[in-house]
Amino acid sequence: MNIRISPFVVIAALLVAGPGGLGLPFAVSTAAAADKGAARVIEITGNDQMKFSVAAIEAKAGEDLKVVFTNVGTLPKEAMGHNWVLLKAGADVNAFATAAMTAKATDYIPPAHKDKVIAHTPVLGPKGKAEVSFKAPAAGTYTYICSFPGHYMIMRGTLTVK
Ligand code: CO
């Protein structure tokens, strides 16, 4: 038997399931789904070695993106928590990360530098998972970091928008 899944069926399934309800790769990779505004999912993990699994992301300006971030480590959150923080172009990464060190109360997003953030997840403990959706900003190069104290020099990557 020859089974074809029509794009309309996929869209209908997405509508029924609601945003993020299905999470199936085929659904978000079809052109039909993209036309309906489904975000491209980017899976990133952070581990006990202070490494992001993805060090470089490319996107088109205005593209809908959804970062799904998972802490795959086992160390306690207080010792090895991780978040994913995308900063605006021209943001002073060192200044942001330095201020973040004393911003535990606001999940290591320093209030005085909040306007430098495009998107971020909460700080996650072991096996924690969070997602954040945003539109790719204007063409340029953007840095993302983990702003947990002491991590940003190693835990960082680049979003390149074309
Ligand atoms: Co970290």
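The values are calculated or read from the model by the stated rules, or taken from the named source; none is laboratory data. Quick caveat: nothing in here was measured; it's all calculated off a predicted structure. When the accessible area is computed, the model is the full protein with side chains, heavy atoms only, and any ligands, DNA or RNA have been set aside. Shrake-Rupley method; radii C 1.70, N 1.55, O 1.52, S 1.80 Å.
For the reader, a short list of remarks on this structure follows.
- Net length gained if the chain between Lys88 and Leu75 were fully extended (0.36 nm per residue, minus Cα distance): 1.7 nm
- Rounded accessible area per residue of segment 57-162, 1.4 Å, Å²: 47
- Against the criterion of solvent-accessible heavy-atom surface with a 1.4 angstrom probe, His113, His120 sort, most first, into His120, His113.
- Accessible surface of segment 93-162 [probe 1.4 Å, protein heavy atoms]: carbon and sulfur percent: 59
- Computed over the alpha-carbon atoms, segment 50-113 gives an Rg to Rh ratio of 0.98, Rh here being the Kirkwood radius from the mean inverse distance.
- Lysine pairs with alpha-carbon atoms under 20 Å apart, segment 36-101, spacing 8 or more or separate chains: 6
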